[in-house]
Structures are given as C-alpha cells and as structure tokens.
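First comes the structure, then the notes that go with it.
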Amino acid sequence: MRVLGIESSCDECSAAVVEDGRRILSNVVLSQVDFHRPFYGVVPEIASRKHVEWIHPVVEDALGKAAATLSQIDALAVTYRPGLIGSLLVGLSYAKGLAWALGKPLIGIDHILAHLYAPHLERDIDYPYLGLLVSGGHTIIARVLRHDRIEVMGTTIDDACGEAFDKVAKHYAIGFPGGVAIDRLSATGNPKAFHFPKPSLHKGEAFYDVSYSGLKTAVIRQLDQFWDGRSEKSLANIAASFQRAAVDILVDRVLAAAADTGMRRLVAGGGVAANSYLRARLAAEEGLEVIFPSLALCTDNAAMVAGLGYQVLRDGKVSDFTLNAEARVPMFKRAYP
Ligand code: KG4
Ligand code: ZN
C-alpha cells in the first residue's frame with residue numbers, strides 16, 4: 001500500500017511516498033530557511049505564502065521520484081496539527097482537494113506522533129517505550145504505548161528546547177536555524193566557560209516538566225554572572241556552555257522518567273534530536289537502549305507523515321472532509337497555573 005504524505009506545519013514544504021508504512025520511495029523536503037534567515041526566525045506569513053507556491057511542485061516531485069502516478073496512491077496523509085495555522089491550512093486544503101478528486105481516503109496526522117514514528121521507518125521498534133520529542137515548538141517526555149497513543153509525562157512550562165536554541169542564536173546573531181548553528185559553533189567552544197542555571201521544578205505534578213526561559217534569559221542578559229572568570233567570552237564558549245545546559249536539563253528529566261517507569265528503551269525525535277551533544281550524552285547512558293532517527297528524519301519531513309498514515313489507515317481511522325487545522329494541542333504544552 002502506498003501513502004502520499006504531505007507536511008507543511010512550519011517552514012518545510014514536504015511530500016513523500018511511503019510503502020507499507022516503512023519503505024520510503026521518495027521524501028522531498030523543500031526548506032524555506034533562506035527566506036526566513038534575514039529575520040532569524042520563521043515568519044508565519046512568508047511560510048504560508050511559500051507553501052502555496054511550492055506545495056504542488058513538491059508533490060509532483062515526490063510522485064516522480066517514487067515513479068508513482070496518482071492512481072497508484074492508496075491514501076493521502078497530511079499533518080493537520082499542531083503548527084502554524086496558515087501553513088497547516090495550505091497542506092491540509094491541498095490534501096483534501098486531492099483526496100476528493102481522486103476518491104481516495106484522507107488521513108489527518110498529528111505532527112508530534114509523526115515525529116515519534118520517524119525512527120520506525122528505519123528499523124523495527126517494539127512498543128511501549130519512553131518518547132522524547134524535542135522540536136522548535138515542543139518539548140515532551142511521554143510513555144509511547146502505540147503509534148496513536150501517548151501519555152504525556154512532562155512538557156515545557158514555557159519555551160520549547162528548540163525555541164531556546166533559536167532565541168539564543170538570534171540574540172547573538174549566531175545563525176539560522178539556531179539549533180544547527182549553535183551545534184556547529186559549539187564544537188569549537190568550551191562547554192564549561194559559563195555555568196548557566198538549570199531550573200528545579202521537580203515537585204508534584206511538575207516532576208518531568210522542563211523550563212527554558214530562565215536559561216535563555218541567563219544566556220542573553222546575565223552572561224557575566226555565570227562566567228567562570230577565566231575563559232574567553234567568545235561566541236563559541238557561550239554556545240557550547242548554553243548547549244550543555246540545555247541538553248543537561250533534558251537528559252536529567254529523561255533519566256528520571258526512565259528510572260521511575262522502568263522503561264529502558266528511549267526513542268527520540270524532532271529537530272533538536274539532531275543535536276550532536278544530546279545524541280552523544282544519551283548514547284553514553286548505560287542500560288538504556290537509545291534510538292534516534294537519522295538526521296534527515298529528525299527535522300520536519302513528509303515520510304514520517306506517510307508512514308504513520310499507513311498505520312492509521314490500517315486501524316480504519318479515515319478522516320472526513322470537515323477535518324480542520326489546529327495550531328495547538330493542549331496536552332502537548334501544559335498551561336501552567
Ligand atoms: O522538528 P523541527 O524541524 O520543526 C518543528 O516541529 O519545530 O524542529 C526545528 C527545531 C528548531 O528549533 C531548530 O533550531 C532545532 O530544531 N534544531 C536543532 C538542531 N537541528 C535543528 N537544535 C539543536 N541542535 C541541532 N543540531
Ligand atoms: Zn516538527
């Protein structure tokens with residue numbers, strides 16, 4: 001069975017053809033980074049307009065690379081939440097039109113669940129496991145019970161992890177996307193030049209929650225307070241020290257969740273899962289099976305959407321044409337009192 005996946009939740013315009021939820025026949029990802037770089041962040045209106053221009057050629061390219069015609073596609077899977085609302089609507093409306101014209105099933109896909117499905121495209125992974133989803137908009141630690149069922153244990157109470165990378169990179173004009181630029185620059189920096197603060201929220205319901213706004217503020221506004229007094233105050237040292245703190249915050253909570261649940265398998269996903277220090281830190285954890293998708297499947301792509309779409313189709317959960325886009329999913333980002 002071949003599913004055409006469409007992903008337009010943020011600034012990547014992507015379409016993919018995946019067979020039986022596993023074999024990637026094509027995965028075309030057209031990034032808009034060049035258009036957003038001057039602003040050091042994704043500009044929602046530019047993102048929507050680029051999706052309108054690109055969605056059709058990107059889908060045609062994905063079909064061409066898969067050597068598939070529309071009549072050989074069995075279903076359409078499309079991201080409908082969460083994300084930038086204007087961007088989501090482009091992919092969703094396009095997919096609805098195509099599904100209606102072809103008389104093929106439409107499957108609405110949750111972007112967070114799609115990220116967690118990404119490594120399943122590359123290897124067999126048994127459920128349940130501990131999931132770590134770290135992207136530009138979300139930071140989630142969850143028990144993943146099935147491809148369509150997760151129990152959120154912790155989220156961010158303010159900024160997402162990737163958002164902190166992006167904002168620090170923007171403030172110091174390090175580059176865009178921020179996470180990639182900081183990761184690269186950190187390789188030449190001293191991660192101990194600054195001892196940035198890590199929040200302690202570890203009480204009651206907040207036990208697995210993380211917070212990034214304090215770290216972000218410290219890095220941007222209170223650099224001197226956390227300086228070791230000896231190292232150079234270079235961008236590389238700031239980047240490496242920030243990256244270490246940002247990753248430590250995550251790893252600390254993930255290890256607590258693993259210990260408390262007894263889950264020894266950890267699957268990571270989302271753009272920040274491409275971070276080299278996070279990958280190295282978790283890989284070094286003994287007694288924990290850590291599974292990361294390959295770098296290309298960490299960031300936004302339609303193959304993960306098509307792959308999950310196949311599983312949802314097998315469950316018989318087809319969407320109807322009243323499906324609408326949703327910018328936020330409340331359980332993925334806790335509103336904190
Ligand atoms: O999953 P994704 O492509 O889009 C969202 O769903 O948000 O994630 C994008 C985020 C951005 O914040 C970007 O800065 C971050 O992932 N990112 C990284 C790295 N590569 C991308 N963060 C840290 N290290 C990286 N190597
Ligand atoms: Zn994403």
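Among beta bridges from DSSP that stay inside the chain, the antiparallel ones total about 60%.
In this simple spin-label model, placing a label point 7 Å from the Cα along the Cα-to-Cβ direction at both residue 213 and residue 252 gives a separation of 1.9 nm.
Once the Cα atoms are used to define both axes, helix 44-65 deviates from the longest principal axis of the chain by about 50 degrees.
The distance between label points at residue 45 and residue 234 comes to 4.1 nm (points 7 Å beyond Cα on the Cα→Cβ vector). For residue 239, the shell of other residues with beta-carbons less than 14 Å away shows a net charge of +4, using +1 for Lys and Arg and -1 for Asp and Glu.
If both residues of a DSSP beta bridge must be in the stretch 69-204, then about 70% of such bridges are antiparallel. Sequence-ordered 3J(HN,Hα) estimates for the stretch 152-158 from the Karplus curve with 6.51, -1.76 and 1.60 and θ = phi - 60° stand at 6, 9, x, 9, 7, 9, 9 Hz, glycine and proline given as x. With kT/(6 pi eta Rh) evaluated at 4 °C and eta = 1.567 mPa s, and Rh the Kirkwood radius from Cα pairs, the stretch 53-149 diffuses with a coefficient of 85 µm²/s according to Stokes-Einstein.
Going through the cross-link list 50/233; 50/198; 198/333; 96/170; 50/104; 50/317, which pairs have a Cα-Cα distance over 28 Å in this structure? The pairs that break the limit, which is 28 Å between Cα atoms, are 50/233; 50/198; 96/170; 50/317. On the basis of the beta-carbon distance and an R0 of 41 Å, residue 276 and residue 22 show a calculated FRET efficiency of 0.90. Seen against the Cα atoms of the chain and their longest principal axis, helix 161-171 is set at about 70 degrees. Of the trypsin sites (Lys or Arg not before Pro) in the stretch 253-325, the ones in a loop by DSSP (not H, G, I, E or B) with at most 14 other beta carbons within 10 Å are 264, 317. Helix 303-314 and the longest principal axis of the C-alpha atoms of the chain enclose an angle of approximately 50°. Arrange 148, 209 by Cβ neighbour counts within 10 Å, fewest through most, would you? Taking fewest neighbouring Cβ atoms as first place, the list is 148, 209.
Site pair residue 56 and residue 227 shows an inter-label distance of 5.7 nm when each label is modelled 7 Å from Cα along Cα→Cβ.
For the stretch 177-243, trypsin sites (Lys or Arg not before Pro) meeting the loop criterion (DSSP other than H, G, I, E, B) and having at most 13 other Cβ atoms within 10 Å: 192, 203, 230, 233. One-quarter of the Cα convex hull surface for the stretch 262-329, in nm²? Mean orientational projected area (the stretch 262-329, Cα hull): 6.8 nm².
With the helix formula -39500 (n - 2.57) applied to DSSP H stretches of n ≥ 4, the chain reaches a computed 222 nm mean residue ellipticity of -12000 deg cm²/dmol. Loop-located trypsin sites (Lys or Arg not before Pro) across the stretch 105-153 with a Cβ neighbour count of 10 or fewer within 10 Å are 123, with loop assigned by DSSP.
Quotient of the Cα radius of gyration of the chain and 2.2 N^0.38 Å, N being its number of residues: 0.99. Here the Karplus curve 6.51 cos²θ - 1.76 cosθ + 1.60, taken at θ = phi - 60°, turns the phi angles of the stretch 26-41 into couplings of 7, 8, 8, 10, 9, 8, 9, 3, 4, 7, 9, 3, x, 9, 6, x Hz, with x standing for Gly and Pro.
Values in this text are rule-based calculations from the coordinates and carry no lab data. Everything numeric in this text was worked out from a predicted model, so none of it was measured. Using ideal geometry, Cβ is built from the backbone for each residue, glycine included, and neighbour counts are taken over all protein chains shown.
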